[in-house]
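See structure below.
The values are calculated or read from the model by the stated rules, or taken from the named source; none is laboratory data. The structure presented is a predicted model; accordingly, all values stated were derived computationally and were not measured. Note that each Cβ is placed from the backbone with ideal geometry, even for glycine, and that neighbours are counted across all protein chains shown.
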Protein chains: 2
Amino acid sequence: MALDHAILVSLLEKPGSGYELARRFERSIGYFWTATHQQIYRVLKRMESDGWIDVRDVPQQGRPDKKEYSVAGPGRDALSAWLGEPIEPESVRHDLAVKIRGAAFDDPAALIGEVERHRRAHTDRLAHYLAGEARDFGEPGRPFDGPPDAERELQHVVLRGGIAYERMMIAWLDDVLATLARFEAGH
Amino acid sequence: MALDHAILVSLLEKPGSGYELARRFERSIGYFWTATHQQIYRVLKRMESDGWIDVRDVPQQGRPDKKEYSVAGPGRDALSAWLGEPIEPESVRHDLAVKIRGAAFDDPAALIGEVERHRRAHTDRLAHYLAGEARDFGEPGRPFDGPPDAERELQHVVLRGGIAYERMMIAWLDDVLATLARFEAGH
DNA sequence: ACACTCATGTAACAGGTTACATGATTAC
DNA sequence: GTAATCATGTAACCTGTTACATGAGTGT
């Protein structure tokens, strides 16, 4: 049920169309939650008929018209209620770990290329996160001015989580590569 | 489709019943893949009818009889084929990150208890992993004896991944707690 | 008696994935 | 012309979750 809430949070941060939400789920929110446009349109339709969100037709020039969604009272209440409920520390799913343990019954060295591919994907994502952090949270001339901005600081701490995750993964994949190298032919 | 492969790997490591597999998915394999017994029985039935695995009725005394599954030729081939295919670096799903960004529109400080609960769950898991590592990979009198054992070393590197993940999470949750504390009432 | 472990399942439903479909505008 | 972006959807299917169901044996 958390896709509903992820969409509500995104719409609170900024109202937008299903298409725009789908794009956000490829970027910022996509760092910790994925969803395709098909899923998003389905959930938007349900939340609209439940009165959680409002729609507004927005005519555009040079582009197709769009429907802009924003969070209504009941949607906000639903989000609040969910925030108050405890959630279980999430279950993990690492295909790569299954492959690594499975490689013991095949050719471990054959997995090296695959692990390297994943390592590249993670270094790319790390670079992307770090660029985003510098852009959005670089605060060049903003030392001690005013009260903390919750939205901004909470977005930043989530991004720091993504950065920590990518760094951890890169270090671990290096460990995996070193381990696999011990099983290469001729050794 | 990777539950199939996770089960195949587990059965290659050691043949067993659906019930035993379900228990393994709460422990060792469960570190990186979760599955309930209902899912497992469904997949076992399908893999058996596809000839990927063999069944053997094992009568037991003092306990109900069980069906012991083991991997057959076609199952091994299917696993090999899957190991050779590239997989996409996995998509993440962090309910807690959704909550943290959502807290900006509610009461950020109200999330502290929840984050502390998660932190406790992760320190517990870390302790559990470390105990397992000491037990299974402590190698007290085993410095340079013989060739590397692929199954054992690959299980160990996957476990090290779990340990790195829990350590990263604990450090990040501390960061989150420090951030949330800035929004507490009276500050 | 009651709860727990071992052991195997069915059924209904919710959620996620993949494929297909349409149509306008902009850039090369 | 061809591809890419913007924009919204339907349909079929596969996976995962939750609830229900049964039944023997062990421990308190």
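Listed values, structure above:
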| quantity | calculated |
| --- | --- |
| Lone qualifier among B:R101, B:R56, B:R46 - being within 14 Å of chain A (Cβ to nearest Cβ) and either among the aliphatic types (A, V, I, L, M) or more than 9 Å from DNA strand C (Cβ to nearest atom) (or both) | B:R101 |
| Breaking point among (1) surrounded by fewer than 17 Cβ atoms within 10 Å (Cβ to Cβ); (2) part of a helix (DSSP H, G or I); (3) at pLDDT below 95, for B:G146 | (2) |
| Any chance A:L3 is of a type outside the set (K, R), near DNA strand C (Cβ under 9 Å from one of its atoms) and at the interface with another protein chain (Cβ under 10 Å from one of its Cβ atoms) | yes |
| Qualifying residue in region A:30-39 (condition: out of contact with any strand residue (DSSP E or B) (no Cβ under 7 Å at 6 or more places or on another chain) and farther than 30 Å from A:A131 by Cα) | no |
| Some residue of region A:89-108 being over 27 Å from B:A6 (Cβ atoms) and away from DNA strand D (no atom under 16 Å from the Cβ) | no |
| Residue match in region B:26-36 (condition: modelled with pLDDT under 95 and among the charged types (D, E, K, R)) | yes |
| Breaking point among (1) more than 30 Å from B:G30 (Cβ to Cβ); (2) charged (D, E, K, R); (3) without any contact (Cβ under 8 Å) to a residue 60 or more places away in the chain; (4) surrounded by fewer than 14 Cβ atoms within 10 Å (Cβ to Cβ), for A:R182 | (1) |
| Criterion: surrounded by fewer than 16 Cβ atoms within 10 Å (Cβ to Cβ) and not in a helix (DSSP H, G or I) - qualifying residue of A:E151, A:E88, A:E133 | A:E88 |
| Members of region B:5-46 that are surrounded by fewer than 19 Cβ atoms within 10 Å (Cβ to Cβ), within 9 Å of DNA strand D (Cβ to nearest atom) and part of a helix (DSSP H, G or I) | B:H37, B:Q38, B:Q39, B:R42, B:R46 |
| Criterion violated by B:G62 - all others in (1) surrounded by 16 or more Cβ atoms within 10 Å (Cβ to Cβ); (2) at positive phi satisfied | (1) |
| Filtered residue count, region A:78-95, keeping only those that are more than 7 Å from chain B (Cβ to nearest Cβ) and among the β-branched types (V, I, T) | 0 |
| Meets criteria (away from chain B (no Cβ under 14 Å), among the basic types (K, R) and touching a strand residue (DSSP E or B) at 6+ places or on another chain (Cβ under 8 Å)) for A:K67 | yes |
| Cross-chain or 6+ apart pairs with Cβ under 9 Å, region B:14-36 first and within 12 Å of chain A (Cβ to nearest Cβ) and among the β-branched types (V, I, T), then part of a loop (DSSP other than H, G, I, E, B) and within 13 Å of DNA strand C (Cβ to nearest atom) | B:I29/B:A35; B:T34/A:S91; B:T34/B:F25; B:T34/B:E26; B:T36/B:F25 |
